[in-house]
Amino acid sequence: MPTSADRPLSEQGSHETSFDIDPRVVYQLGEELVTNELQALLELVKNAYDADARSVRIKVDTRVGPGEESSFPEARGVIVVDDNGEGMDADAIESGWLLVSSSLKRVMKEAGQVTAKHERTPLGDKGLGRLSAQRLGDNLEIFTRRTDDTAERYVGVHWPDFLATTRLRDVPVLAREIRPAKRKQGTELIVSNLRNLNMWNTEDAVNDLASQLSRFISPYRGIRDFSLALSINDKTIDLARIDETIRRGARIQFASYLMGKRFESTASAD
């Protein structure tokens, strides 16, 4: 027998109702706001920087799966972004990562605010981090822990579920606590079942990614507070060398010297 909820609103009389959203809308946001796989990976690195990480390890491997601890062990191809940033506790996951909303980072930038530990101006501002991961692969898994949290947290998402579900609240999200925790702090992000395996094996893609990642590295070695390590199919990419090559290739170069109370600056142009 049909219930009142099955009848058109015009026939149900006065009552309260609410908006909902088709999960395909969220999926489409990730498709449209992130132009390609390289930008998607850069957004994940920005998240690590904004979490006050001092070091980030990026591993791309098109030959293997995510491993036995994964909820998707049969997936092929992985991208791992592992940082030692502040990590997330249960509240940060529930009210931040799982909440599709306007970006807190954009608000921070507009207000001139910086991160708590290293006083960084946030790089991300579109809330793209979690959505950009879908451009890279079908699965996203997160292992994360804050230093003051007694447990490590796990979250897993299978992006094709957004296309097979009619309401956003019904999209399954895997979540659990890991005790005892295996990491002291930080976040490991694992994208698996890569959508474009062949791209990561092309020289152009590798060079483009390395060039863009090198921009995160300060040219002043003595004051660097953020380091990146990149490997693709077990081949280590020297980002510091690429950064040096880019700077040396600049058509205009400046050099500054402080000698006691005397300051000198020179410029040269090709």
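Just so it is clear, none of the values below were taken in a lab; they were calculated from the coordinates. Computed from a prediction, not measured in an experiment: that's the story for all the values here. Cβ atoms come from the backbone with ideal geometry, glycine included; neighbour counts cover every protein chain shown.
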Backbone HN-Hα couplings from phi across region 35-47 [Karplus 6.51/-1.76/1.60, Hz, Gly and Pro as x]: 6, 7, 5, 5, 5, 4, 5, 4, 5, 5, 5, 4, 4
FRET E, pair GLU32, LEU197, Förster distance 30 Å, beta-carbon r, rounded to 0.05: 0.85
For region 124-204: rounded, prolate or oblate by the Cα gyration tensor [a/c cutoff 1.5]: oblate
Radius ratio Rg over Rh of region 13-78, counting only Cα atoms, Kirkwood formula for Rh: 1.17
